[in-house]
Amino acid sequence: MTAHTPPKTYRVKSFGCQMNVYDGERMAELLSQKGITPAPEGEDADLVVLNTCHIREKAAEKVYSDIGRLVKAGREAGKEPLIAVAGCVAQAEGEEIMARAPAVSMVVGPQAYHRLGDMIDRAVAGERATDTDMPEDAKFAALPKRRKVGPSAFLTIQEGCDKFCTYCVVPYTRGAEISRPFNDLLREAQILLEAGAIEITLLGQNVNAWTGVDDTGRDIGFDALVRALAALPDLKRIRYTTSHPNDVTEGMIAMHGEVDKLMPYLHLPVQSGSDRVLKAMNRRHTARGYLKLLDRFREARPDIALSGDFIVGFPGETEAEFAETLALVDAVKYAAAFSFKYSPRPGTPAATMDGQIAREVMEERLARLQNALNRDQYAFNTASVGKTCEVLVERRGKLPGQWLGKSPWLQSVFFTGDAAIGDLVRVELVEAGPNSLAGRVLERVSA
Ligand code: 5AD
Ligand code: SF4
């Protein structure tokens, strides 16, 4: 590896989940603090961080093709960009990346990226470094203070997973479940509010598995954290994702009926409607148990928008078992959902199970499932027409004078009128599309 000139500009490319988006933002802040500035749109950066996702197939392959593209673009421009691979592919395949991609000078796992600054100095000196240690919670304390954020900000409160669903790499790439301390979270929330946030989305692989200790030394759960955050006067909206059915508590259901700032939206993955498949997935809940939980949430908050994740074509899934997933979808009527073809992940138990399903079968099932989910999403949007709600303005729309924001139910709402980014605007929902709604402004609630 040759020595580099110190990078002046950077670009962080994040793939995958919102946790990665959060990590990407924090890495960007760290680089800015080091005096490196974001590369202008359309220009090559001196330092590129590929913040990767490993949850489904081809993610790793995508990394190699991205690296190839960067090297080629660099060669054409007569320079050699510094390349860092971060995120879950880095954690899972760090050694392999170093061996296969000589252009990569840094491999940094999701628990180690607070040390990226040092790694850059070493890379500039011509050294290649891998850091995929998983020390508990060290990174958050070591990251710089957040200065400027948009109106809707992410706050990671919990990381990792101890559930070991048989298809999933997360327990291997993100490690065991850890919760960030209560006081650290209140402090970071306050900093986010001072930096411009109005809404905070609490993040975690199993966000509702969060546990902590409050100021009085009492053990508290996720619902107490939400209630404590709701007491911050400048915070107007709270969301969270992703929850696990087995970590739902009475308090968590109740808070949806009691905490006004908590938005009426719940992302609760189920993966399958078949108990046989759920067992093989090691989900440790049944379809009926899941439906009962949703009933309870709906009792607490009748207008709650429900969302979920699904996997089709898990090894051994029969047509009849897939039909049980469709039946569950029909019963729930989701407002939104994410659905995926099963993807065998190296090192997970399901990857070597008998009965791997042919790609065409998975594709056909996924198309049927997505048809049903899209139908329900459109129906949910259509049923919202005529309602009045507050929309948090997040950015400008494509048309002149148009704004785009989110309804309490996380729908994208377009409207034209007098507004600014960060406003809460009272809007009447007047027209529904499959993925968004049109609104008519009634009044600016806050500026
Ligand atoms: N194949 C397909 N989908 C997966 N997910 C997790 N692992 C896999 C896999 N191996 C999906 C699950 C999870 C979401 C984040 O990604 O639905 O809830
Ligand atoms: Fe993966 Fe299951 Fe953990 Fe979710 S709960 S991160 S799907 S192992």
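Candidates in region 1-30 are the residues that are aliphatic (A, V, I, L, M) and more than 16 Å from ligand 1 (Cβ to nearest atom); of these, the one that is most open to solvent (accessible area, probe 1.4 Å) is Met1.
Within region 333-370, the set of residues being in contact (Cβ under 8 Å) with a residue 24 or more places away in the chain and of a type in the set (S, T, N, Q) comprises Ser339, Ser343, Thr348, Gln356, Gln370. Among the residues of region 234-292, the one identified as within 16 Å of ligand 2 (Cβ to nearest atom) and among the acidic types (Asp, Glu) is Asp247. The helices (runs of 4 or more DSSP H) found wholly in region 88-189 and carrying at least 3 residues that are within 16 Å of ligand 1 (Cβ to nearest atom) and surrounded by 14 or more Cβ atoms within 10 Å (Cβ to Cβ) occupy 170-173. So, in region 374-386, of the ones that are buried (at least 16 other Cβ atoms within 10 Å of the Cβ) and without any contact (Cβ under 8 Å) to a residue 60 or more places away in the chain, which residue ends up farthest from Gly313 (Cα to Cα)? Among residues in region 374-386 that are buried (at least 16 other Cβ atoms within 10 Å of the Cβ) and without any contact (Cβ under 8 Å) to a residue 60 or more places away in the chain, the one farthest from Gly313 (Cα to Cα) is Ser384.
If you filter region 350-369 down to residues that are in contact with a helix residue (DSSP H, G or I) (Cβ under 9 Å, 6 or more places away or on another chain) and in a helix (DSSP H, G or I), you find that the one that is nearest to ligand 2 (Cβ to nearest atom) is Ala350. Taking region 214-275 as the region of interest, the strands (runs of 3 or more DSSP E) fully inside it that hold 2 or more residues being away from ligand 1 (no atom under 16 Å from the Cβ) and over 20 Å from the mean Cα position of the chain (by Cα) are 219-221. Among the residues of region 258-293, the ones that are loosely packed, with under 15 Cβ neighbours inside 10 Å and in contact with a Lys or Arg (Cβ under 7 Å, 6 or more places away or on another chain) come to 0 in all.
Every condition in (1) part of a loop (DSSP other than H, G, I, E, B); (2) within 15 Å of ligand 1 (Cβ to nearest atom) holds for Glu41 except the one numbered (2).
Yes/no matrix, rows are residues, columns are (1) more than 29 Å from Asp247 (Cα to Cα); (2) touching a Gly at 6+ places or on another chain (Cβ under 9 Å); (3) in contact (Cβ under 8 Å) with a residue 12 or more places away in the chain:
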site: Met119; (1), (2), (3): yes, no, yes
site: Ala125; (1), (2), (3): yes, no, yes
site: Asp131; (1), (2), (3): yes, yes, yes
site: Arg146; (1), (2), (3): yes, no, yes
site: Thr173; (1), (2), (3): no, yes, yes
site: Arg180; (1), (2), (3): no, yes, yes
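Exactly one residue among Phe297, Phe338 is among the aromatic types (Phe, Trp, Tyr) and either at pLDDT below 95 or not in a helix (DSSP H, G or I) (or both), and that residue is Phe338. Checking each residue in region 47-67 for being within 16 Å of ligand 2 (Cβ to nearest atom) and either among the aliphatic types (A, V, I, L, M) or buried (at least 18 other Cβ atoms within 10 Å of the Cβ) (or both) picks out Cys53, His54, Ile55, Ala59. Give region 411-438 a look and list any residue that's of a type outside the set (S, T, N, Q) and in contact with a Ser or Thr (Cβ under 8 Å, 6 or more places away or on another chain), or say none. Scanning region 411-438 gives Val413, Phe414, Asp423, Leu424, Arg426, Val427, Glu428, Leu429, Ala432, Leu437. Within region 190-232, the set of residues being among the charged types (D, E, K, R), over 19 Å from Glu250 (Cβ atoms) and open to solvent by 40 Å² or more (accessible area, probe 1.4 Å) comprises Glu194, Asp215.
The values are calculated or read from the model by the stated rules, or taken from the named source; none is laboratory data. Remember, predicted model here, so these are calculated numbers, not experimental data. Reconstructed Cβ throughout: ideal geometry from the backbone, glycine too, with neighbour counts over all protein chains shown. Remember, those area values only see protein heavy atoms, side chains included, never the ligands or the DNA or RNA. Shrake-Rupley method; radii C 1.70, N 1.55, O 1.52, S 1.80 Å.
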